[in-house]
Amino acid sequence: YGIADYKGLDVKGKIVVVLAGTPRDLPSEIAAHYDDEKAATAARYGAIGLVTVTTEEADQTRPWKDRLKYANSPAFTWIDKAGKPFDEAPAIRAGATLNVPAAEALFAGAAKPYAAVRKAAVPKGAHPKGFALKTTIRIQRESVWSTITSPEVIGVLPGSDPALKAEYVVLMGHLDHLGLKADAKPGEDNVYNGALDNAAGVATMLEVARAFAASGKPPRRSMLFIANTAEERGLLGAEYFAHNATVPVKSIVGLVDLDMPLLLYPFTDVIAFGADHSTVAKVVAEAGAAIGVKLIADPMPEEGIFTRSDHYKFVQQGVPAVFLATGYGNGGDKVWKQFLSGNYHSLKDDMNQPILWDEGAKFAKLNYLISRDMADSDARPLWYKGDFFGDLYAPNAPKAEPGR
């Protein structure tokens with residue numbers, strides 16, 4: 001994409017200061033990938049720390065008060081079989097995110113003030129060039145470590161075809177939410193139920209599993225039904241499973257992740273985040289057409305959702321995968337915006353919401369058709385030839401011609 005942020009810069013042994021977000025001219029899912037890789041990228045160039053300063057767009061997307069909600073939350077990771085905590089960028093010893101006044105102080109005496117850098121980052125296609133700052137930072141951190149256990153829950157439905165049963169189709173959703181509200185007043189509701197995020201996704205997965213078992217027609221390929229833990233703590237359960245799968249990860253041919261289907265309106269379309277990258281999208285589109293549901297493009301690219309749900313950890317292992325949610329048609333855009341600015345990650349995401357059970361049944365039927373197609377088809381899902389993620393994470397896998 002012609003962006004080389006580190007070209008001509010010596011960051012070895014230094015703290016790198018990065019702008020929140022990514023350049024606006026990058027495709028949304030690729031931008032989300034690069035945003036997710038910032039710490040690892042800085043480490044590859046020799047940096048030992050990472051400080052993030054916000055942009056105008058970042059402040060609009062996630063205001064400072066919203067960032068503070070998560071600032072004091074504990075950090076979690078998973079432990080490998082040798083007992084070592086996983087860290088994708090172990091060379092980055094410390095980091096921080098600064099508000100505007102702190103960032104302005106950081107840029108004191110620099111070739112450009114912070115305000116000028118923020119302004120330069122606004123236009124689409126802008127790639128502000130890096131430069132050395134004259135300030136230094138001292139970061140002191142104290143850590144308290146504790147170990148908790150939270151299981152992945154896996155169901156296996158064996159395949160019936162001798163030639164295909166060693167291959168697996170995955171349908172999954174995350175079983176966790178945010179737990180209890182610590183500062184609830186006496187008698188006040190303190191349970192983050194997560195009815196739509198993501199009990200609805202897990203319920204859909206269970207219904208699809210029941211439908212397969214009751215169909216009297218075993219799938220040709222085997223199926224894994226996975227209830228992931230710790231999604232809200234950084235996709236940890238899915239990441240652990242993707243690194244320590246109970247079956248060879250290369251035997252997983254395709255995956256659909258169910259996270260927060262909004263069953264609050266009669267949906268007429270669905271979003272398959274990641275649909276542009278593999279033939280899984282074709283399966284979703286054909287299954288939807290069979291019940292009058294269209295597949296639409298990502299309507300909220302600014303949210304970077306492709307890297308923010310469990311399926312992405314399998315993409316990083318080379319598995320063609322999508323994250324399926326109800327779409328923006330038939331008033332869905334208004335429902336999504338209301339939910340994300342209201343009941344999302346709040347105590348109100350409970351059974352008092354006007355959940356439409358018939359829409360839940362329709363969403364489950366759609367996912368049954370998708371899973372049945374992937375499980376019974378002669379051909380396994382393929383990355384498209386020349387696709388960024390397929391080339392990056394599955395360079396030697398067979399590819400399909402784009403659009404087929």
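Looking at region 31-42 only, could you name the residues that are more than 15 Å from the chain's Cα centre (by Cα) and over 23 Å from Lys119 (Cα atoms)? Write out each step before concluding.
Taking region 31-42 first, the residues more than 15 Å from the chain's Cα centre (by Cα) are 38-42.
Scanning region 31-42 gives Ala39, Ala40, Thr41, Ala42.
Evaluation of Pro63 against the conditions (1) within 21 Å of Ile305 (Cα to Cα); (2) in contact (Cβ under 8 Å) with a residue 24 or more places away in the chain shows that the sole unmet condition is (2). Of the strands (runs of 3 or more DSSP E) lying entirely inside region 181-292, the ones with 3 or more residues being open to solvent by less than 40 Å² (accessible area, probe 1.4 Å) and closer than 29 Å to Ser150 by Cα are found at 222-228, 252-258. Is it the case that Thr97 is of a type in the set (Val, Ile, Thr), closer than 30 Å to Asn228 by Cα, free of Cβ contacts under 8 Å to residues at least 40 places away in the same chain and open to solvent by 60 Å² or more (accessible area, probe 1.4 Å)? So Thr97 does not fit the description; no.
Would you confirm, using the coordinates I've provided, whether Phe107 is of a type in the set (Phe, Trp, Tyr), surrounded by 12 or more Cβ atoms within 10 Å (Cβ to Cβ) and in contact with a helix residue (DSSP H, G or I) (Cβ under 6 Å, 6 or more places away or on another chain)? Please lay out each step first, then the result.
Working: of a type in the set (Phe, Trp, Tyr): yes; surrounded by 12 or more Cβ atoms within 10 Å (Cβ to Cβ): yes; in contact with a helix residue (DSSP H, G or I) (Cβ under 6 Å, 6 or more places away or on another chain): yes.
Here the answer is yes, as Phe107 does meet what is asked.
Got a sec? Which of Glu239, Glu286 is over 27 Å from Pro74 (Cα atoms) and acidic (Asp, Glu)? It would help to see each step written out before you state the result.
On the way: Glu239 fails: over 27 Å from Pro74 (Cα atoms).
Criteria check complete, one pass: Glu286.
Listed here are the residues, each with its yes/no results for (1) open to solvent by 60 Å² or more (accessible area, probe 1.4 Å); (2) within 22 Å of the chain's Cα centre (by Cα); (3) among the aromatic types (Phe, Trp, Tyr).
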site	(1), (2), (3)
Asp25	yes, yes, no
Glu29	no, yes, no
Tyr45	yes, no, yes
Trp64	yes, yes, yes
Ala75	yes, yes, no
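One residue stands out among those in region 323-349 that are open to solvent by less than 20 Å² (accessible area, probe 1.4 Å) and within 30 Å of Ala184 (Cβ to Cβ): the one that is farthest from the chain's Cα centre (by Cα), which is Asp349.
Could you list, in sequence order, all residues of region 166-180 that are assigned to a loop (DSSP other than H, G, I, E, B) and surrounded by fewer than 17 Cβ atoms within 10 Å (Cβ to Cβ)? Across region 166-180, the qualifying residues are Ala166, Gly179.
The values are calculated or read from the model by the stated rules, or taken from the named source; none is laboratory data. Quick caveat, the model's predicted, so the values are computed rather than measured. Here Cβ is always computed from backbone atoms with ideal geometry, including for glycine, and neighbour counts include all displayed protein chains. The protein model used for the area step is the full one, side chains on, heavy atoms only, and it has no ligands, DNA or RNA in it. Shrake-Rupley method; radii C 1.70, N 1.55, O 1.52, S 1.80 Å.
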